[in-house]
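Engineer: The structure's right below; bear with me while I get my questions together.
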Amino acid sequence: MYVIVCTYRARADQEDAIVALHESWERDQSMRIQGYLSGELLCVTQDSRVFLDIACYDSATTAHAVAADPEHIAWRQRLASLTEEGMLDGEYRCIWQSESRR
């Protein structure tokens, strides 16, 4: 698994727009991307304007192909317009994962 983690701070009163933008990406783009595994958007409990965005892919190749896709680039530009001071990205590979106990 290959994981992209992005942190950012929403502009004032843009938190709901950021959530809606992630929901639209999941609805409109995720189904066409083979190798996209999951996404998660976390909000810092002490500051509801700070987000942690986690996207999981089957490989670095898939993640980089998504990052180069024109639709995804436009989506990222829209996201950036809702944030302060840009976004900080990190790329990770999974070396261990727990099993679900459900």
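What follows draws every value from the coordinates through simple rules; no lab data is involved. Because the structure is predicted, anything quoted here is derived from the model rather than measured. All Cβ positions, glycine included, derive from the backbone under ideal geometry; neighbour counts span all protein chains shown.
Engineer: May I ask you to list the residues in segment 42-70 that are assigned to a strand (DSSP E or B) and over 18 Å from Tyr2 (Cβ atoms)?
Structural biologist: Leu42, Cys43, Val50, Phe51
Engineer: Please enumerate the residues belonging to segment 71-91 that are assigned to a strand (DSSP E or B) and over 13 Å from the mean Cα position of the chain (by Cα).
Structural biologist: Hits for segment 71-91 are Thr83, Glu84, Glu85, Gly86.
Engineer: Among the numbered conditions (1) surrounded by 14 or more Cβ atoms within 10 Å (Cβ to Cβ); (2) free of Cβ contacts under 8 Å to residues at least 24 places away in the same chain, tell me where Trp75 comes up short.
Structural biologist: (2)
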